[in-house]
């Protein structure tokens, strides 16, 4: 069972493999803000500290939005609403 570990808040959530991260909004203490849950608003920007390969491929629309919001497209920055968790990851909301 994969685990999502929130680095700065020092807590974790166990999830099933294939868990869609936008469902975190339903968990208690989730430090990630979610808006549209569709990859269009950028409210759920996260930084991946470990397990980047566990989230699947970043799509073109996600890449474009991150680049427009952050000025670049760092691989470790993702939209949580577009991520599906396959294995353990360590994340935090992006600055």
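If residue 81 satisfies all but one of (1) part of a helix (DSSP H, G or I); (2) in contact (Cβ under 8 Å) with a residue 60 or more places away in the chain; (3) more than 18 Å from residue 95 (Cα to Cα), what's the number of the condition it fails?
With respect to (1) part of a helix (DSSP H, G or I); (2) in contact (Cβ under 8 Å) with a residue 60 or more places away in the chain; (3) more than 18 Å from residue 95 (Cα to Cα), residue 81 is out only on (3).
Restricting attention to segment 41-80, report how many residues are under 14 Å from residue 4 (Cα atoms) and more than 10 Å from the chain's Cα centre (by Cα).
Of the residues in segment 41-80, 5 are under 14 Å from residue 4 (Cα atoms) and more than 10 Å from the chain's Cα centre (by Cα).
Could you count how many residues in segment 44-67 are touching a residue at least 24 places away in the same chain (Cβ under 8 Å) and over 23 Å from residue 12 (Cβ atoms)?
Going through segment 44-67 one residue at a time, the tally reaches 3.
Go through segment 21-43 and give me each residue that's part of a loop (DSSP other than H, G, I, E, B), in contact (Cβ under 8 Å) with a residue 40 or more places away in the chain, over 14 Å from residue 67 (Cα atoms) and touching a helix residue (DSSP H, G or I) at 6+ places or on another chain (Cβ under 8 Å).
Answer for segment 21-43, where residues must be part of a loop (DSSP other than H, G, I, E, B), in contact (Cβ under 8 Å) with a residue 40 or more places away in the chain, over 14 Å from residue 67 (Cα atoms) and touching a helix residue (DSSP H, G or I) at 6+ places or on another chain (Cβ under 8 Å): 32, 34, 36, 37, 38.
Conditions tested, residue by residue: (1) closer than 20 Å to residue 30 by Cβ; (2) touching a helix residue (DSSP H, G or I) at 6+ places or on another chain (Cβ under 9 Å).
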site: 48; (1), (2): yes, yes
site: 54; (1), (2): yes, no
site: 58; (1), (2): no, yes
site: 64; (1), (2): no, no
site: 70; (1), (2): no, no
site: 77; (1), (2): yes, yes
site: 80; (1), (2): yes, yes
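Restricting attention to segment 44-69, which residues are assigned to a helix (DSSP H, G or I) and in contact with a strand residue (DSSP E or B) (Cβ under 6 Å, 6 or more places away or on another chain)?
Residues satisfying the conditions are 54, 62, 66.
Considering each of 19, 34, 5 in turn, give the residue that is closer than 19 Å to residue 95 by Cβ, surrounded by 16 or more Cβ atoms within 10 Å (Cβ to Cβ) and in contact with a strand residue (DSSP E or B) (Cβ under 6 Å, 6 or more places away or on another chain).
After applying the criteria, what remains is 5.
Residues in segment 83-95 that are touching a helix residue (DSSP H, G or I) at 6+ places or on another chain (Cβ under 8 Å) and under 16 Å from residue 15 (Cα atoms): how many?
8
Computed from the coordinates by the stated procedures, all read-outs in this text should not be read as laboratory data. Computed from a predicted model, the values in this text were never measured in an experiment. Positions of Cβ are backbone-derived with ideal geometry, glycine not excepted, and every protein chain shown enters the neighbour counts.
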